Structure formats: C-alpha cells, structure tokens
1. For segment 148-195, I need the span (max minus min coordinate) of the C-alpha atoms along each principal axis, in Å, sorted largest to smallest.
2. Of all the accessible heavy-atom surface of segment 82-152, with the other protein chains kept in place and a 1.4 Å probe, what percent is carbon and sulfur?
3. Do me a favour and compute the ellipsoid semi-axes for segment 92-202 from its Cα gyration tensor, root of five times each eigenvalue, largest one first, whole Å.
4. Where the accessible area of segment 181-245 is counted over protein heavy atoms with a 1.4 Å probe, how much of it, in %, is carbon and sulfur?
5. Quote the Stokes-Einstein diffusion coefficient, in whole µm² s⁻¹, for the chain, based on the Kirkwood radius over alpha carbon pairs, a temperature of 4 °C and a viscosity of 1.567 mPa s.
6. For segment 92-150, what is the charge dipole size about the Cα centre, in debye to the nearest 20, if Lys and Arg each add +1 at the Cβ and Asp and Glu each add -1 at the Cβ?
7. Could you sort the peptides 49-57, 23-31 by per-residue average Cβ neighbour count (10 Å cutoff), highest mean leading?
8. With a bin width of 10 angstrom, please list the P(r) values of segment 21-135 as percents of all Cα-Cα pairs, from the 0 bin to the one holding the largest distance.
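The values are calculated or read from the model by the stated rules, or taken from the named source; none is laboratory data. Not measured: the values here are computed from a predicted model. Note that each Cβ is placed from the backbone with ideal geometry, even for glycine, and that neighbours are counted across all protein chains shown. Note: accessible area is taken over every heavy atom of the protein model, side chains too, but ligands, DNA and RNA are not part of it. Shrake-Rupley method; radii C 1.70, N 1.55, O 1.52, S 1.80 Å.
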Amino acid sequence: MHFGDVMVTLANPAEVQSSAPDGLPDFTSVAYKDAYSRINAIVIEGEQEAHDNYVAIGTLIPEQAEELTKLARMELKHMKGFTACANNLGVTADMPFAKEFFSPLHGNFQEALAEGKVATCLLIQAILIEAFAISAYHIYIPVADPFARKITEGVVKDEYTHLNYGQEWLKANLESIREEFEQANRENLPLVRKMLDQVAGDAAVLAMDKEDLMADFLSSYQEALMEIGFTSREIAKLAAAALVG
Ligand code: PL3
Ligand code: FE2
Ligand code: FE2
C-alpha cells in the first residue's frame, strides 16, 4: 500500500527502518530495547563470570595460571565491548536479572572449585558456557545492529580459543576424569537447556530463533566432545542428559 507507506514515512521515520528490505529488527523500538536490557545483561554477566572462572581455574592448575590469565583478560575485553553495544542503543543492562539467570550454573562452578574438580570447572566454563556463547553470538551476528555486529564478530573468534583450551586439557586427561565429567555433564547440561528456554522469548524479539540457537549449541558441544575423544555413541548419551534433566 503505497499511500500508507508515505504516511508512515512522514509520521514516524523510525518506523520505516523496521520495514526496511534488510529485514533487521527496529533497534529503536521499546520492545527491542526492553529485550536487549536482559539479553545484554546476560552477556555482560556471562563475560564477567567467565573472567572470574578462568582466574579461579588457574588456582587449580598453577602451571597454567599464566595462560588462563590471558584467557580471562579476553573476557574483560568482551564485557567492555558488549557494554558499549548497550550504550550505543541507549539501553541499560538489567544486571540483577542476569545474576539470577547465571546463579545455578555459578553455584555448581563454585562447588566444583571448592572441591578442586578441574574437569567439572572446565566442562562448565570452557565447554558449556563457551558453546552457549558461541551459539548466541553466531545467531545474533546476522540480525545485530552494525556496531554490535562488528564487536560480536571479534568476540566469537576468541571464544573458540577458550573452547579449545578446555578441549585440550580434557582430552589430555580423559581417562582419569571420564566419570567425573559424565556426572558433571548430567548435572549441568540440563541447566544450560533451561537457560536457553529462559532466554528464548527475549531472543525472539531480537530476531534470534530458538531452534537455531539450540542447533548451533549442540553442534559446538558435540564437536567439542568428539575432539576430547568420546565416541559418537558416548556423545549421544551425554547429549541425552539435556532431554532427561
Ligand atoms: C564467555 O566467553 C561468554 C559467556 C557469555 C554467555 C552468553 C549467553 C548469551 C545469551 C543470548 C545472547 C544473544 C547475543 C546478544 C548479544 C548482545
Ligand atoms: Fe567471552
Ligand atoms: Fe570465553
């Protein structure tokens, strides 16, 4: 309807953006900013906790503390980048919401840390959280505003470095940590599944599809397990914990 389009253009230029042929969401809408205040907070909290977690893992593997400090520093850079994304859109991150969002996984990490369980800590941070972040960033990039897209593209490369780090340590120690790893997976994969469910509504407002998120997560997760040295059958069994939990 031509006439309608012209009316809209005259009345509210911001609305025209949302119906632009690029199909991107309207980054200035109230609904977008509201969803972004929670999603962005989750990402900021996730990056902050990732920093703290790598530093903490360094206390369990002192000979690797230096490398882990480097990984941790990358997480702070990510956090700053995503803080800039919110500022750019004029959004205030809902940090209390994000703290709550991470608290079950955070609690399990702290418990494992206190018990000196390196394999559990690495599963939670370097495999589950990194695979979750990678899937979210992959699905976000094509529908992000140009400023955030650039930042997220830089971040996602680093996250592969983190995933690889966890993979390598777990691979080198697989036979001694197998049982602990399987148990930790049984306890934590269902939490990630719940986190995905919880974020899906807000993610949809950002034009991110839940099934795409889940598929991307599972592909990074399964690929990591393959690299660590699990067989296809073992991987299927490990992944099935997401359905049971
Ligand atoms: C560790 O390096 C990063 C941990 C971050 C966890 C991210 C969770 C992502 C939830 C869905 C976010 C969509 C992306 C939007 C970016 C502003
Ligand atoms: Fe990160
Ligand atoms: Fe990371």
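1. 41, 29, 6
2. C and S atoms contribute 60 percent here.
3. 27, 18, 11
4. Numbers: 1730 of 3270 Å².
Carbon and sulfur atoms account for 53 percent of the accessible area of segment 181-245.
5. D = 68 µm²/s.
6. Approximately 200 debye in magnitude.
7. 49-57, 23-31
8. Pair shares across the bins are 14, 40, 29, 13, 4, 0.
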